Structures are given as structure tokens and as C-alpha cells.
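Beneath this line is the structure, given in C-alpha cells, with notes to follow.
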Amino acid sequence: MKLLNYVCDRWSEGLGEGEPLIDPVRGTELARASSDGVNFAEALEHARTVGGPGLRALTYAQRATLLGRIAEVLTANRDTYYRIALENSGSPRSDAAIDIDGAIYTLKFYAKEGAALGENKLLREGELTRLGKDESFQALHIGVPLRGVAILINAFNFPAWGLWEKAAPALLSGVPVLAKPATATAWLAQQMVADIVKAAILPDGALSIVCGRAGDLLDHVTGEDAIAFTGSAETAARIRSHPAVAHRSARTNIEADSLNVAVLGPDAKAGDPTVELFVSEVVREMTVKAGQKCTAIRRILVPASLRDPVAEALRARLSRIRVGDPRTADMQMGPVINKVQQKAVLEGVDRLAQESAVIFGGGVAFQPIDADPSVAAFVQPTLLAHDRPFDARAVHTVEVFGPVATLLAYRDLDEALRIARLGQGSLVASLFSNDPQIIESAALELACCHGRVHVVSEEVARVQTGHGNVMPLSLHGGPGRAGGGQELGGLRALRFHHQFTALQGPMQSLRGIASRAADLRF
Ligand code: NAP
């Protein structure tokens, strides 16, 4: 089976043999993807000239209704998506839920937020501001939808959520979408788009998908397009420096790799419930989706006095995780996405192990449950430790995209915060503490180099949403090596798909325009 591409409102098969999509447990081929023969220039132009006007003819509330209908269709087809996630990603049901149900939740969220923007077609930020000597000449900041295409280039680990968390704000803004999922797991995204196209929800030209390599896609971007990329720092650098992107100043939002930290506060004592909470969260982050989450905890910071008890607790918990074929009941962790990724993770562990001690796992000869290691792509959960974090380099610079994390001991809070910053900008830092003063000072200190600071105290233990869980209400993205991008954050996401302009002119005219604009309040 070759995955069909959908551009210019037509399905077509890519040329040539294409790239195989593999079952990472059984090693069998599931499908192929090829973008050869896709005319990207035509695809983008069709989206701009047909999809854009069709979407912009609608109000925010009308487009929000379309998002709600997309969510309904995806909900009705959930079983198919779970089966694809099992076969193509080796996902246990709980992992698939994060991707698939997370996508549906995000769509529903934007459907609700969009409805609140009402029957308007432009946005207003703030009030009229007097510029001249008297009231008659004023300024108004408005946002109008971009006239280009939202080009969504996604990573392999979230084929469903990655697509819809980007597509929902774009479509709500009135901007057509061209999705380019990662080849290795494109099947799920492609099936979802096929279901939405079949349901005829969106205007013509509003949604396209190309499976397979990006080819000359970026050669055809214009200054009116917006590229939302998620993936590795290397690919991000290639996209940023692509001549067409750079010369035409196409908007780019980059979500790249990240060396997230979890900090156990200096107020923690052995035996505290907070220590148990911390250990549970670290184990969850290491094993959910086999650690293939951009937000996963990579660096575990604990007070030196708790280094040994925490190491022991983590070892005990990790040794009980059932790793193997997710078709077998009660399996807790599946494989990484393919053999290439397995090799990359094991090489990454070797790199870390040159400086840090492996204190659990790391086994190249690991035997997963009910799977043949010669064809399957499993990696044993692996914990390393380093007692002099300032002497270690790899742990602060190498992202190992698998079930791998390193325990680092610190002497005092100031040192912990300095270690956190060695990650050079990350998506998430979590802090586990019950001391309000520590929480306040550390949270503000961590904020400069993290897109999200997630604080857990005993008081919020039962309601907190999880270190690695990306909620559409909160910003997602991070500075520095995390890519410098920002997604989600409620209606903040709409700024990326609008041109914000300062209108300066007669107060009466500006008032007229303001009355037709939705107030962009976060
Ligand atoms: P990747 O190899 O960089 O690929 C990402 C996407 O870029 C894929 O769709 C890929 O297509 C495409 N691509 C590759 N070369 C390209 C080029 N020259 N021009 C245009 N597109 C190109 O990343 P990955 O291995 O799929 O994902 C793992 C990485 O993503 C990790 O580093 C992880 O931290 C990061 N990630 C970050 C976030 C976040 O929100 N910050 C979320 C998830 C993952 P092909 O698949 O066809 O090569």
C-alpha cells in the first residue's frame, strides 16, 4: 500500500518505490510513502488562491464550528487510529491516547475558544491609543489572517497531535494548511486527513497533505506563508537557513530538541510524599512513549543528600516496567520508532556513558517481552548518574530521544538553577517543592530559559497535569536550543497566523474598524 497525497483537492500516488513505514515490533513493512511527482508550487498556490479565500469568507465562530466537526469525525474513527498507532508506532493504548485523544481535545479546545471570537473576521489587540495633539488622530492594532499557507512539518513522535495542534489555530485563523508529517509515521496523519476530506467539512483547498520527503517544498514559500516545524535541531537549522525562507522572510516557528529538567527542591527529605511524587513523575516521563517526547525529563536534579535514595527508588520502579509487544496485555512500554532510532538512542547512551555512570539498564542485549530483538526496536529504560554536573558536558548538550535520563546531584538551590541553565534553553522545567519561598524564587529564575515551568507541591499532587503533558491552554515551546518557538497558549497561538498592523488615522474610522474586530484577550 502506498499512502496517497492530497493536494489541489485531488488524491494522487507518489512516484517511484517510496520509503517504507515499518512495524517497530515485528519489523514488517506496513505501507510506503512517496512525495515524488508532487508539484509543490502548484499545491501551495492552490491552497493560497482557493483555500485561503474560502476560509477567510467565514467568521471565527464559523471556522470554530468546523473544528468541532473535525473533532467529531476523528472521535468516530478513533478505533482505526488506535490500530494504526499500534502497528506503526508500537504504541500501547495509553501512549496512543496521548497522541490521538490529545489531538481531539486540542481541536475541541480551539473550537470553544474560537466560538468566543464571534462573527468577526479580524482581531483587535488593545484599545485605540491617542497619537496626535488631540483625540482625532489615533492608533489601533489589528490582526488580519495571512494570505499564505500554514506549512506544517512534523516530527515522527506525534503524528496525530502534532498535526492538529498546529492545524487548529491555523484553520481557526482562516489560513489553509499543507501538512508534511514525518515519513516514518505518516500513516496516522494521512488517515485522519482522508477521513476529514471524505466528510467534506472544510472549504476546497483548506487542507492538503504530502507523505514522504519534503522535496523542493521550501523553494516555493513566500513571505505570506507560515512554516510551523517540529523536529530535530539539525533539520531546524536547515529550514531556517533555506534561501527562500531566509530571503522572503517566511514566518517560521521552530519546536526543536530539549534537555528538560526536573528539580527536587532542597526542602525535600527522605520519605516525604514529595520524593515519591518526584520519582513517579520521572519514571512516567522516561517510559511514556518510550521517552520519545520532546518534553520528557532528561536531567533529574536532586539534593546531594537524596541522591542515593532517589537512585534506589528509580532503579526499583524502572525494573518493574513491563517492556515489550503492546499487543500483550499489561505492557507498559513499547519500542522506539524504528531500528535507525534504536541505534541513535543506543549511541546516545554510549555518549552519555563516557562521562556518567549507567546505574540502570543500558543493555544492548535487552530482551523485550514477546518480541524478537533482532527485528524489533526496543530500548531498555536507562538511568545514568553524574555527581559533578558542572564537569559533565554531554548530559547538557546531547538529547537522547528515548527512555533515557541522567540523575545529577546538587549542593544548594543556586547550584541547581545554574545546572538547569546549562541546557541552553528547554521546553519544560519542573520543580517539586512545598516551600513557597523556594517555589517563587526558583520558578522565576527558571522562567528565563524554559518555555514552561511546572511546579508540583503536595497540595496540587492530585490535580497537576504532568511535567510532559502539553495543554492547549499553556504555551508550548522554549528558547535557545528548544527552537525559540511558541505554540498553543490559548488564543496566543493565533498571532502566528495573523499580520498585526498598527492602523493610524481618524478616530471615527478606527472606531468603526474596532467594532468589527474580535478582541484578542488571552
Ligand atoms: P527530524 O528528522 O528533524 O524530522 C522532522 C520533520 O522534518 C520530518 O517531517 C522530516 O521529514 C522533515 N524534514 C527533514 N529534512 C527536511 C528538510 N530538509 N526540509 C524540510 N523538512 C525536512 O525529526 P524527527 O526525528 O522526526 O523527530 C525527533 C526530534 O523532534 C527530536 O529532536 C525531538 O526533540 C523533536 N521534537 C520536538 C518537539 C517540540 O515540540 N519541541 C516535539 C516532538 C519532537 P522526513 O520524516 O521525511 O525526513
Check: Using r as the Cβ-Cβ distance of L503 and D219, and R0 as 30 Å, what FRET efficiency do you calculate, to the nearest 0.05?
Finding: 0.30
Item checked: Probe 1.4 Å, all protein chains present, accessible-area order of H242, H498, largest first -> H242, H498
Notebook entry, point to check: What is the set of long-range amide H partners of A518 at a cut-off below 5 Å, with H atoms built 1.01 Å from backbone N?
Noted result: K121, L122, L123, R124
Item checked: Computed over region 1-88: relative contact order in percent, which uses C-alpha pairs under 8 Å that are six or more apart -> 26 percent
Check: Looking at the P(r) of region 264-338, how many percent of alpha-carbon pairs lie beyond 18 Å?
Finding: 45 percent
Item checked: In Å, descending, principal axis extents of the Cα set of region 1-78 -> 47, 33, 15
Next item on the list: Report, in debye and to the nearest 20, how large the dipole of the chain comes out about its Cα centre when Lys and Arg carry +1 and Asp and Glu carry -1 on their Cβ.
Entry: 860 debye
Note to self: Can you sort H220, H247, H467 by solvent-accessible area, 1.4 Å probe, largest first?
What the structure shows: H247, H220, H467
Checklist line | Distance between modelled label sites at T75 and E127, nm, 7 Å Cα→Cβ extension | finding: 4.0 nm
Margin query: Pairs of alpha-carbon atoms within less than 8 angstrom and 6+ residues apart define the contacts here; what relative contact order does region 117-162 have, in percent?
Written below: 30 percent
Item checked: Cα-projected label distance for E355 with V460, points at 7 Å along beta-carbon direction, nm -> 3.1 nm
Notebook entry, point to check: Taking only Cα atoms, what is the 0 to 90° angle, nearest 10, from helix 436-447's long axis to the longest principal axis of the chain?
Noted result: 60 degrees
Checklist line | Relative contact order for the chain, counting Cα pairs under 8 Å that sit 6 or more residues apart, in percent | finding: 19 percent
Item checked: Rounded D (µm²/s) - the chain, Kirkwood Rh over Cα pairs, Stokes-Einstein at 20 °C, 1.002 mPa s -> 89 µm²/s
Check: Once the piece of chain linking K339 and D387 is laid out straight, how much longer is it, given 0.36 nm per residue of separation minus the C-alpha distance between them?
Finding: 14.1 nm
Notebook entry, point to check: Any idea what angle helix 307-319 forms with the longest principal axis of the chain, computed on alpha-carbon atoms, 0 to 90 degrees, nearest 10?
Noted result: 80 degrees
Check: Hey, rough spin-label estimate for A233 and A316, points 7 angstrom out along Cα→Cβ, what's it come to in nanometres?
Finding: 3.6 nm
Notebook entry, point to check: What part of the accessible area of the chain, given as a whole %, is carbon or sulfur when the probe is 1.4 angstrom?
Noted result: 51 percent
Checklist line | Förster radius 22 Å - calculated FRET efficiency between E119 and V144, Cβ distance, rounded to 0.05 | finding: 0.85
Notebook entry, point to check: On full extension of the chain, what length is gained from V364 through D134, given 0.36 nm per residue of separation minus the C-alpha to C-alpha distance?
Noted result: 75.3 nm
Checklist line | Cα Rg, Dmax (largest Cα-Cα span) when computed across region 328-423, Å | finding: 15.1, 47
Next item on the list: Would you mind getting the accessible area per residue of the chain, heavy atoms of the protein chains only, 1.4 Å probe, in Å²?
Entry: 39 Å²
Item checked: Distribution of pairwise C-alpha distances over region 336-384, 5 Å bins, in % -> 5, 22, 31, 24, 12, 5, 1
Note to self: Tell me the mean residue ellipticity at 222 nm calculated for the chain from its helices only (DSSP H runs of n ≥ 4, each -39500 (n - 2.57), averaged over every residue, nearest 500).
What the structure shows: -10500 deg cm²/dmol
Check: Full extension from W11 to R83: what is 0.36 nm times the residue separation minus their Cα-Cα distance, to one decimal in nm?
Finding: 23.6 nm
Notebook entry, point to check: I369's amide H: which non-local residues (gap 5+, or another chain) put their own amide H closer than 5 Å, with H modeled 1.01 Å from N in plane and none for Pro or chain starts?
Noted result: V323, G324, D325
Check: Along region 454-461, what does the Karplus equation 6.51 cos²θ - 1.76 cosθ + 1.60 (θ = phi - 60°) give for ³J(HN,Hα), rounded to whole Hz, x for Gly and Pro?
Finding: 10, 9, 10, 10, 4, 4, 9, 3
Margin query: Taking amide H atoms as placed 1.01 Å from N in the peptide plane, list the residues 5 or more away in sequence, or in a different chain, whose amide H sits under 5 Å from that of R251.
Written below: D225, I227
Next item on the list: Place +1 on the Cβ of every Lys and Arg and -1 on the Cβ of every Asp and Glu in the chain, take the dipole about the Cα centre, and give the residue among L86, L383, G402 whose Cα lies farthest towards its positive end.
Entry: L86
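The values are calculated or read from the model by the stated rules, or taken from the named source; none is laboratory data. Bear in mind the structure is a predicted one, so any value in this text is a computation, not a measurement. Cβ coordinates were reconstructed from backbone atoms using ideal geometry, including for glycine residues, and neighbour counts include every protein chain displayed. Just so you know, the surface numbers come from the protein's heavy atoms only, side chains and all, with ligands and any DNA or RNA stripped out. Shrake-Rupley method; radii C 1.70, N 1.55, O 1.52, S 1.80 Å.
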